[in-house]
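The next block holds one structure in the form of structure tokens; read it before the comments.
Every read-out reported here was derived from the displayed coordinates using simple, explicitly stated rules and does not represent laboratory data. Please read all numbers here as calculations on a predicted model, not as lab measurements. Neighbour counts run over all protein chains shown; Cβ positions are idealised from the backbone, glycine included.
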Amino acid sequence: MKKITYLCMMACLAVALAFQSCDDGDGYSMGDFTEPQLATVRAVSGTGFYLDCDVWGTCWPVNTDMGWYIPIDGQRVVTVFNPLWDNYGGFDHAVKILEIQNVLTKYVETVTTVEVDTIANDVVPVAEDGITITNGYLNVFFLQRLPFTTDVRLIYVKDDLKQTVTPAVGEDGFYHLELRCNTQADVETPGTYSMVSYSLNELNYDPSAEGIKLKVNLEGSGEQELTFHVVQEEGTSLQE
């Protein structure tokens, strides 16, 4: 049942994020529940955590029966919840979590110009509108579920790693990243996944940055360079 629910959540998540906005009113009832939401887990202590939702902002879960869920700070999740109150104890909302599923969460990898030639560049099964940037993460929604033997990496290519490995803004004002896919990765992880979120926190804060240029070998379109104009303020996450 959980697998069926998860598949349904993932199928409508990308569309839901594109069209929804949160209701700022206090007129919630126990029968209200959200469409699937993409969020980041923020661990506070032990099993305590709150959600930093891409649409709803910070949400404090009032559930007392979630001891089964082990929070990892920075973990991306898809969740459905019942909003209860606004402006709750310093959080944007208090909520009752109805469903929560971890999303594969990865990071930007820095490689040299020599190493990049050894990394596969197979077709990534994703449409152009299936790649988004929200709340400091680059999200990739695949066209079908992928086995873990298909490894999709977000990389930053640098000539020399001796000085720093932190991605920096190029001369054109953009961070230059590449999405590389290896359909024959040597991994032992069982199962499949349908999306991945990459943390962009490793990118150096630069007030002059205009955005991200992403090279990717798209399904049906071939090699493309996608441009994302983003907003970044000091101490905050990148937003498209």
Inset, instruction - Mind sorting W85, W68 by how few other Cβ atoms lie within 10 Å of their own Cβ, fewest first? - result: W68, W85
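When the chain is fully extended, how far beyond the present Cα-Cα distance does W68 get from N87, taking 0.36 nm per residue of separation?
Result: 4.1 nm gained on full extension.
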Inset, instruction - For V126, list long-range residues whose amide hydrogen, built 1.01 Å from N in the peptide plane, is under 5 Å from its own amide hydrogen. - result: L143, E219
Inset, instruction - Pop the C-beta distance of D206 and V55 into the FRET formula with R0 = 22 Å and round what comes out to the nearest 0.05. - result: 0.25
Inset, instruction - Please label the shape of the range 108-229 as rounded, prolate or oblate, based on the square roots a ≥ b ≥ c of the eigenvalues of the alpha-carbon gyration tensor (a/c under 1.5 means rounded; beyond that, a/b larger than b/c means prolate, else oblate). - result: prolate
Inset, instruction - Return a whole-number percent for the relative contact order of the range 108-229, with Cα pairs under 8 Å and 6 or more residues apart as the contact set. - result: 33 percent
Inset, instruction - Treating cross-link reach as a plain straight distance, find the aspartates and glutamates whose alpha-carbon is under 20 Å from the alpha-carbon of K96, omitting any fewer than eight places away in the same chain. - result: D23, D24, D26, D32, E35, D52, D54, D65, D73, D86
Inset, instruction - Could you work out how far the C-alpha centroid of the range 39-61 sits from that of the range 85-107, in angstrom? - result: 4 Å
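Grab the beta carbon distance between D160 and T192, set R0 = 41 Å, and tell me the FRET efficiency rounded to 0.05.
For D160 and T192, the calculated efficiency is 0.65.
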Legend entry - Label-point gap, in nm, between S29 and A120 - each point 7 angstrom along Cα→Cβ: 5.2 nm
Inset, instruction - May I ask you to sort F81, F142 by Cβ crowding, counting other Cβ atoms within 10 Å and putting the fewest first? - result: F142, F81
